[in-house]
Amino acid sequence: MAEQKFSLSVCVCVCVCVCVCMCVCVWAVRAMMCGCGRDDFQEELVIRPLHSGDIYASFQFRTVWETDFMRGNKVSHYRLFPKSLGQVISKFSVRELHISFTQGYWRTMQWGQPFQPSPPGAELWVWFQDSVTDVDGTWKELTNVLSGIFCASLNFIDSTNTVQPSASFKPLGIGNETDHRFLRYATLPREIVCTENLTPWKKLLPCGSKAGLAVLLKSEKLFHSSFHSQAVHIRPVCQDWQCKTTSWELRQTLNVVFDLHNSAQGKREWSLFKMFSRTLTEACPLASSSKIYIDITDNPQGEQFEVSPATPLLSQAVVLGDRRTFSVYDLTQQITFGTVRSLNLLIRWKSSDMLRPLLHAERYVAGYGLQTGEIHTLMYNNHPYRSFPVLLLDSVPWYLRLYIHTLTVTSKGKDNKPSYIHYQPSKDRLRPHLLEMLVQLPPNSVTEVTVQFERALLKWTEYTPDPNHGFYVGSSVISSLVPSIVAMDTNSTRERPLFSSFFPCKEESSYFVRVYTEPLLVNLPTPDFSMPYNVICLTCTVVAVGYGSLYNLLTRSFQIEEPSPGLAKRIANIIRKMRGVPPL
Amino acid sequence: MAAPLTLLVILSVTIRAVLYRSSLAEVISERVEVVSPLTAWKRVVEGLALLDLGVSPYSGDVFHETPLIIYLFHFVVDYAEITFMLADVITAVALYMAVMDYNKQVFRKQKYALEADRYPLDCLELIRSPKEMYYIPLKVAMFYLLNPFTILSCVAKSTCGLNNAVIALFILTTIKGNVLLSAIFLSLATYQSIYPLTLCAPALLYLMQRQFIPVNFRRVSFWWFIAQYAFMYLGSLFVIVGLSFFLLGSWDYVPSVYGFILSVPDLTPNIGLFWYFFAEMFEHFRLFFLCVFQINVFFYTIPLSIKLKEHPVFLIFMQLAVISIFKSYPTVGDIALYMAFLPVWSHLHRFLRNIFLVSCVLLACSALFPVLWHLWIYAGSANSNFYYAITLLFNVAQILLVSDYFYAFLRREHHLSYGLYLKRKDGSEATLVLK
C-alpha cells in the first residue's frame, strides 16, 4: 500500500512538473517569439474617374506592427513587415522615412488633388531619432542603403542637394521631438522611374505581387500612363486612442493616372483589364482587409456612367475637404468574385454616337527593314447605299522608288480597277512621283490601295542633320463629290456665311470634299557620316592594289635573283671600278 | 563529248527549274549582290508596265535597260524563265565550242614550236598533252552552268545572263575567226553595256593572228584590217541604235542607259566599289573621281594588249575580269563569266601563289555578304561600313586572283623560253623575281 501510494504520488508530481515545464516553455517561447507583437496588413485601391476623361487609381498597402526597433536586442522574427526596411530603421535610428518616386507631373487643374502628393523625380525626407550623434553621416549611409533597396540612384543625394527644413515637414507620426537638426530632405528631380524601381517596391509587400491587389501592378501598363508615383512611408503610430503602446506603420502607396487617348484609345470606358491588363481573383490571404473603392460622387443616380458588377456596399468618406461617396468591393468576400471567380470592374460612360463622316482615309507604311516597303492607303465610304468616285493624288519623293506594276486597288476583297490613272515617274533629284487615280468607292466599304517601293541610298550631303528621324512623305489628297442628304445651294451670289461658301457648289445633290491622309515617316538606309575621308582612302587603296599588281606584271620581267655581295665586297668593287680594274 | 555536255545542260536546267518553283526565287531576285539597278527583273517588268500605261519607260529613273530588251520581253515576258535558262545554256555551249577550238589551236602551235625546237629541254613537263586538254571544254561549261553565282543570277532573272550570252557568242565567233559576226556581237555587247568595248583589242589581235596579219603599226595591212573591223562594228552599232530609236521615237534612252552607266547617279549598294565611294564623296570632287574610276576600266586595255599581244585569249580573260571588278554596277553574274575561263588555265596551277588565300576570302565574303546586309538593313545592329568592308575585301580577292593568274601565265612563258630549272651563276638553284 505504501509503495502504491508512493508511486502514485511520484507519478502525480512528475505529471505536474512536466505540465509546469511545458507551460513555462510554451510561455517562454511565446514570449521570445512574439516579443514582436501583433502585425496587421490592409490593402485598398481607390478608383476615381476624372473630369478630363482620364482615370486615377490609387493603391495603398498598410502594414502595422507592434514592435520596437529601437530596443537593445535586435528584432529577428519578421512576418508581414519587410526585413530590409526593419533593419534600415533599426540600424540608422530612423524615426520617420518618406520616399517617393514619380514619373510625370500631377495636373492639379485638370485632375484635382491627389491623395498622396509627390514631386516629379525622387523625394526622400527622414526624421532621425534624437539618439543619433552624426546625422549627416547617417543620412549619407541611409541614402546609399536605400539606393540599393529601391534600385534607384539615390546615391546622388549628398550635401549639395540636402536641406534641413525648419517648418514645412513636421513629423507625420507620433513624436515629441521637433528639433529640425534631425530632419533631412532631398529631391532628385532628374530621377527616372522604371520597372527596376517597381520590382523591389513590390517585393516589400507581404504577398509580393502574387495575390491580392498587387497582381494588378504590371509595369507595361503602369508606365504607359500620364502619371505614376510609388512611395514608401514609415512612421510610428499610436495603437489606441490613449497612445499607451506605439506601433510602426509602413504604408506603400502607388498613384497612377491613365490617359484617355493613350490607354483607352479615345473610348471612354475603363475596366481593370484595360487599365492593368489583369483581373483580380483573390485577396491577399495575409490581409485583414482588402477593398476597392470607386468614386461615384458625380454619378448619384447612375446617369453619367454605370459600374459593373454592381455592388450593394456604399461608403462615404470625407477626403480633401469634400464628402465623397464610394462603391465598395470587399475582396475578402467570395461573392465579390462571382461565378467566374474573377473580378473585372467595368465603368462605362453613356455617350451618344457622333455622326460618322461619309468619306475618310488613312495611310500607313507596311514592311520591315530599310530596303523595301509598301504604302497602303485606305479609303472608307460610310454611305449605306450610294457609291461615288474619288480622285486620289499621291506625290511620293524620288528617293522612295515606286513600282507601279505592284499597284493594287481592292474593295471588299475584290479587285477594283481605277478608271483613270495618270502616273508620272520620278527623276532622281529632279522631280517626285505623281500618281493620280479615279477610283469608284462601293457603298459601305473600305478600299485599299497598295504600292510597293524601294528605298534609295542618298549621298551623304543629302541627309538631314538628324537622318535617323526619317524622311517625310506628304499627305495623299483625296478629292471627291460626296452625295449630300440636304440639297446644296448652287447660287453662289446669295448672302451666306463665309464658312459655307469656300468651295464652289456646282450641283445640288453633292458637295465637294477634300480629305488629307496622314503624312508618312520613312527611314532610309544611311551611310556612316563620319567616313568620307576613310572611304576615299580605302577605295582608292583597293584600286591602287589592282593598278599596282598589274603595273608590276606589265613593266617588269623575270630575272634570276643574284644575291647581293656583302658590304666589304661592294666597297671593294667601287674602288676597283675607280682604278679601272674588273670587279670581284 | 556531246553526251556529257547534254547531261550537264539537263542537270543545270533542272536545278534552275527547281529553284524557280521554290520560294527562294522571290528572295534571290531582291538581293543586291545578284541584281543591280541596271539588270533587275523587277525594273524590266516596271518598264513594260509603264509602257502599257502609255508613259515612256525612260521618263522615270527606274528603268535602265536598252530598248532591245523591251522589244525582246514585250513578246516573251510570259516565258521569261525559259529565256534566261536558254541564255545560260547558250553561253555555256558557246564557251564550250570556243574553248574546244582554242585548245586545238594551242595544241597545234605547241606542236610547231616543239618541232622547231623552240623549247628548252628541261621544260618538257610544262608541255600540255591532249589527255589533259580533253576535258577542259566540259569543265568550262560546268564552271559556268553549275557556278552558284550563275544559278543565282539566272533564278533572279537578271539581264546579266543575256549580256553574258552575247559576250560568249562574241568570244565564240572571234575564236572561230568570223570577222563579221564578231563585230556584230561586239557591237551588241557594247550596246548593252559600254564596257565590253575594251574587248575589241583582243578580238582584233586574235583575228589578225588567225589571218596572219602582222601586228605592226607600220604595216598597211594592219590598219586596213582595223578599218574593216571598225566599219563592220560601227555599221552594226548604227543599225542597232537606229532600231532603238524607232521603238519609242526618241533619244531618251541614251541618257537613261549610257548616262546612267557612266554618271552613276543611283547609289544602291552592290558588290562594287562605286556606291559607297560616291555616297561619301565631297560634291566638289565628284566629277573628277567619276572620270578617274571610269577611265580605270578602259585604262588597262592598251598596256595589257601590248604585253599579251601573242596571247589574245588570255587577254580576253583579263579584260573580262577587269570589267567585272571595276565596272559601275557589278553583280555576281559578271564574275561568273570570267570564272568560267579558269579551267582553261588549269596548267598554270603550279605557278599560282595565292590561290588558297584567294579562294578562302572569296568563299568567306560570299557567305558574309547576306549576313552583313541583314544586320545593316533589317536588324539595325550594324551599319553600312560592315557591308562596305566586305565589298572591299571581295574586290581585293578578285584582283589578287586575276593578278595571280597573270603572274603564273607570264612565268610559264618565261620558263618556256629560258628553261624550267634555272641556275644562278654559281650553279645553285635560282629564284625568279620581277625586276
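The values are calculated or read from the model by the stated rules, or taken from the named source; none is laboratory data. Please read these numbers as outputs of a predicted model, since none were measured by experiment. All Cβ positions, even for glycine, are placed from backbone atoms using ideal geometry, and neighbour counts span all protein chains on display. Remember, those area values only see protein heavy atoms, side chains included, never the ligands or the DNA or RNA. Shrake-Rupley method; radii C 1.70, N 1.55, O 1.52, S 1.80 Å.
For region A:429-479, give me the residue count where each residue is assigned to a loop (DSSP other than H, G, I, E, B), among the hydrophobic types (A, V, I, L, M, F, W, C) and either in contact with a helix residue (DSSP H, G or I) (Cβ under 7 Å, 6 or more places away or on another chain) or buried (at least 17 other Cβ atoms within 10 Å of the Cβ) (or both).
Final tally of qualifying residues: 3.
Scan region A:397-423 for residues that are touching a Lys or Arg at 6+ places or on another chain (Cβ under 9 Å), more than 9 Å from chain B (Cβ to nearest Cβ) and either surrounded by fewer than 19 Cβ atoms within 10 Å (Cβ to Cβ) or assigned to a strand (DSSP E or B) (or both) and the total you get is 2. Residues in region A:179-201 that are of a type in the set (Val, Ile, Thr) and not in a loop (DSSP other than H, G, I, E, B) were compared, and the one that is farthest from A:Val132 (Cα to Cα) is A:Thr195. Only a single item in (1) within 28 Å of A:His224 (Cα to Cα); (2) at pLDDT below 90 is not met by A:Thr102, and it is number (2). Tell me yes or no: at least one residue of region A:352-363 is in contact with an Asp or Glu (Cβ under 8 Å, 6 or more places away or on another chain) and outside any loop (DSSP other than H, G, I, E, B). Scanning region A:352-363 turns up at least one residue that is in contact with an Asp or Glu (Cβ under 8 Å, 6 or more places away or on another chain) and outside any loop (DSSP other than H, G, I, E, B).
Looking at B:Arg108, is it open to solvent by 30 Å² or more (accessible area, probe 1.4 Å), of a type in the set (Lys, Arg) and either assigned to a helix (DSSP H, G or I) or in contact (Cβ under 8 Å) with a residue 60 or more places away in the chain (or both)? Steps first, please.
Working: open to solvent by 30 Å² or more (accessible area, probe 1.4 Å): yes; of a type in the set (Lys, Arg): yes; either assigned to a helix (DSSP H, G or I) or in contact (Cβ under 8 Å) with a residue 60 or more places away in the chain (or both): yes.
Spelling it out, B:Arg108 is indeed open to solvent by 30 Å² or more (accessible area, probe 1.4 Å), of a type in the set (Lys, Arg) and either assigned to a helix (DSSP H, G or I) or in contact (Cβ under 8 Å) with a residue 60 or more places away in the chain (or both).
Reported count of residues in region A:555-575, each being surrounded by 14 or more Cβ atoms within 10 Å (Cβ to Cβ) and either in contact (Cβ under 8 Å) with a residue 40 or more places away in the chain or away from chain B (no Cβ under 14 Å) (or both), is 2. In this structure, B:Ala49 does satisfy being modelled with pLDDT of 90 or more, assigned to a helix (DSSP H, G or I), at the interface with another protein chain (Cβ under 8 Å from one of its Cβ atoms) and out of contact with any helix residue (DSSP H, G or I) (no Cβ under 6 Å at 6 or more places or on another chain). Looking across B:Leu375, B:Leu348, B:Leu400, one residue alone is more than 21 Å from B:Leu152 (Cβ to Cβ), open to solvent by 10 Å² or more (accessible area, probe 1.4 Å) and in contact with a helix residue (DSSP H, G or I) (Cβ under 8 Å, 6 or more places away or on another chain). It is B:Leu400.
A Cβ distance below 7 Å, combined with a sequence gap of six or more or placement on separate chains, defines the contacts here; from region B:364-385, residues that are part of a loop (DSSP other than H, G, I, E, B) reach residues that are open to solvent by 50 Å² or more (accessible area, probe 1.4 Å) in the pairs B:Ser381/B:Leu375; B:Ala382/B:Leu375.
Table: residues versus (1) away from chain A (no Cβ under 11 Å); (2) within 22 Å of the chain's Cα centre (by Cα).
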{"position": "B:Arg21", "(1), (2)": "yes, no"}
{"position": "B:Ile28", "(1), (2)": "yes, yes"}
{"position": "B:Val34", "(1), (2)": "yes, yes"}
{"position": "B:Pro37", "(1), (2)": "no, yes"}
{"position": "B:Ala40", "(1), (2)": "no, yes"}
{"position": "B:Glu65", "(1), (2)": "yes, yes"}
{"position": "B:Leu68", "(1), (2)": "yes, yes"}
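Here is a check on your reading of the model: is A:Ser426 among the small types (Gly, Ala, Ser) and open to solvent by 50 Å² or more (accessible area, probe 1.4 Å)? Let's see the steps before the verdict.
On the way: among the small types (Gly, Ala, Ser): yes; open to solvent by 50 Å² or more (accessible area, probe 1.4 Å): no.
Criteria not met by A:Ser426.
Among the residues of region B:299-320, those that are within 13 Å of chain A (Cβ to nearest Cβ) and part of a helix (DSSP H, G or I) comprise B:Phe299, B:Thr301, B:Ile302, B:Pro303, B:Leu304, B:Ser305, B:Ile306, B:Lys307, B:Phe314, B:Leu315, B:Met318, B:Gln319.
Please state which one of B:Arg21, B:Arg16 is open to solvent by 50 Å² or more (accessible area, probe 1.4 Å) and within 19 Å of B:Ser153 (Cβ to Cβ). Outline the logic, then answer.
Numbers: B:Arg16 fails: open to solvent by 50 Å² or more (accessible area, probe 1.4 Å).
The unique qualifying residue is B:Arg21.
For region A:223-263, the set of residues classified as part of a loop (DSSP other than H, G, I, E, B) and touching a residue at least 12 places away in the same chain (Cβ under 8 Å) consists of A:Phe223, A:His224, A:Ser225, A:Ser226, A:Gln239, A:Cys243, A:Thr245, A:Asp259, listed by residue number.
If you check B:Ala389 against the conditions, is it away from chain A (no Cβ under 11 Å), free of Cβ contacts under 8 Å to residues at least 60 places away in the same chain and either in contact with an Asp or Glu (Cβ under 8 Å, 6 or more places away or on another chain) or open to solvent by 20 Å² or more (accessible area, probe 1.4 Å) (or both)? Outline the logic, then answer.
Numbers: away from chain A (no Cβ under 11 Å): no; free of Cβ contacts under 8 Å to residues at least 60 places away in the same chain: yes; either in contact with an Asp or Glu (Cβ under 8 Å, 6 or more places away or on another chain) or open to solvent by 20 Å² or more (accessible area, probe 1.4 Å) (or both): yes.
Spelling it out, it is not the case that B:Ala389 is away from chain A (no Cβ under 11 Å), free of Cβ contacts under 8 Å to residues at least 60 places away in the same chain and either in contact with an Asp or Glu (Cβ under 8 Å, 6 or more places away or on another chain) or open to solvent by 20 Å² or more (accessible area, probe 1.4 Å) (or both).
For region A:495-532, what are the residues that are more than 14 Å from chain B (Cβ to nearest Cβ), out of contact with any Pro (no Cβ under 7 Å at 6 or more places or on another chain) and among the polar types (S, T, N, Q)? If the condition is that a residue be more than 14 Å from chain B (Cβ to nearest Cβ), out of contact with any Pro (no Cβ under 7 Å at 6 or more places or on another chain) and among the polar types (S, T, N, Q), then A:Ser500, A:Ser501, A:Thr517 are the ones that fit.
Of the residues that sit in region A:480-491 and are touching a strand residue (DSSP E or B) at 6+ places or on another chain (Cβ under 6 Å) and open to solvent by 20 Å² or more (accessible area, probe 1.4 Å), which one is farthest from A:Asn381 (Cα to Cα)? My answer is A:Met488.
Answer yes or no: is there a residue in region B:282-290 that is away from every other protein chain (no Cβ under 12 Å), among the charged types (D, E, K, R) and open to solvent by 10 Å² or more (accessible area, probe 1.4 Å). No, region B:282-290 contains no residue that is away from every other protein chain (no Cβ under 12 Å), among the charged types (D, E, K, R) and open to solvent by 10 Å² or more (accessible area, probe 1.4 Å).
Entry remark, region A:349-378: residues being under 30 Å from A:Gln304 (Cα atoms) and either free of Cβ contacts under 8 Å to residues at least 12 places away in the same chain or in contact with a helix residue (DSSP H, G or I) (Cβ under 6 Å, 6 or more places away or on another chain) (or both) number 4 in total. Restrict the check to region A:533-554 and report whether at least one residue is within 8 Å of chain B (Cβ to nearest Cβ), buried (at least 17 other Cβ atoms within 10 Å of the Cβ), assigned to a helix (DSSP H, G or I) and touching a residue at least 40 places away in the same chain (Cβ under 8 Å). Within region A:533-554, not a single residue is within 8 Å of chain B (Cβ to nearest Cβ), buried (at least 17 other Cβ atoms within 10 Å of the Cβ), assigned to a helix (DSSP H, G or I) and touching a residue at least 40 places away in the same chain (Cβ under 8 Å).
If you go through region B:238-262 and pick out every residue that is among the hydrophobic types (A, V, I, L, M, F, W, C) and within 22 Å of B:Phe326 (Cβ to Cβ), you end up with 4. B:Asp88: in contact (Cβ under 8 Å) with a residue 40 or more places away in the chain, open to solvent by less than 50 Å² (accessible area, probe 1.4 Å) and in a helix (DSSP H, G or I), yes or no? So B:Asp88 passes the test. Only residues that are within 14 Å of chain A (Cβ to nearest Cβ) and on the phi < 0 side of the Ramachandran plot were counted across region B:219-268, and they come to 10.
With the structure loaded, tell me whether A:Leu550 is closer than 30 Å to B:Glu413 by Cα and over 60 Å from the mean Cα position of the chain (by Cα) or whether it fails that test. Please lay out each step first, then the result.
Details: closer than 30 Å to B:Glu413 by Cα: yes; over 60 Å from the mean Cα position of the chain (by Cα): yes.
Taking the combined requirement at face value, the residue satisfies it.
Condition (residue is hydroxyl-bearing (Ser, Thr, Tyr), away from chain B (no Cβ under 11 Å) and in contact (Cβ under 8 Å) with a residue 12 or more places away in the chain) applied to region A:424-441: is it met by at least one residue? The answer is no; no qualifying residue exists.
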